[in-house]
1. Please state which of the following conditions Arg20 fails to meet, knowing it meets all the rest: (1) loosely packed, with under 10 Cβ neighbours inside 10 Å; (2) part of a helix (DSSP H, G or I).
2. Contact list please: Cβ distance under 7 Å, first residue in the range 24-53 and under 30 Å from Val4 (Cα atoms), second residue part of a helix (DSSP H, G or I), pairs at least six apart or on different chains.
3. Looking only at the range 34-47, which residues are of a type outside the set (Ser, Thr, Tyr), exposed (fewer than 10 other Cβ atoms within 10 Å of the Cβ) and either assigned to a helix (DSSP H, G or I) or touching a His at 6+ places or on another chain (Cβ under 9 Å) (or both)?
4. Here is a list: Val32, Val39, Val4. Which entry is of a type in the set (Val, Ile, Thr) and in contact with a helix residue (DSSP H, G or I) (Cβ under 7 Å, 6 or more places away or on another chain)?
Amino acid sequence: MATVVLRPGESQEQLLKRFRKKVAKARILSIVRRKRWFVSKSELKRIQRQKAIRRERRRQRKLEQKLARRRMMQRR
């Protein structure tokens, strides 16, 4: 849990800003969003597998674009 203590001479806005930074750094919101609903292990594996497939496809497309650019440069 992220906690902040009001410093002498610190405004409420500055305190809130420090609290938000701590929450973001600790990734509390992403954890809360992820745990909002129960996800079974099999569902989690399926989601991770889909993400891995998408990631690999993106890498492949990027590599193909890079190679295509190289071929274009060599033709000039």
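None of the figures in this text is laboratory data; all of them are computed from the coordinates on show. Everything numeric in this text was worked out from a predicted model, so none of it was measured. Because the Cβ atoms are built from the backbone with ideal geometry, glycine has one as well, and the counts that use them run over all protein chains shown.
1. All conditions pass for Arg20, except number (1).
2. So the pair list comes out as Leu29/Val23.
3. First pass over the range 34-47, keeping only residues of a type outside the set (Ser, Thr, Tyr): 34-39, 41, 43-47.
Checking which are exposed (fewer than 10 other Cβ atoms within 10 Å of the Cβ) leaves us with 35-38, 41.
Answer for the range 34-47, where residues must be of a type outside the set (Ser, Thr, Tyr), exposed (fewer than 10 other Cβ atoms within 10 Å of the Cβ) and either assigned to a helix (DSSP H, G or I) or touching a His at 6+ places or on another chain (Cβ under 9 Å) (or both): just Lys41.
4. Working: Val32 fails: in contact with a helix residue (DSSP H, G or I) (Cβ under 7 Å, 6 or more places away or on another chain); Val39 fails: in contact with a helix residue (DSSP H, G or I) (Cβ under 7 Å, 6 or more places away or on another chain).
On inspection, the qualifying residue turns out to be Val4.
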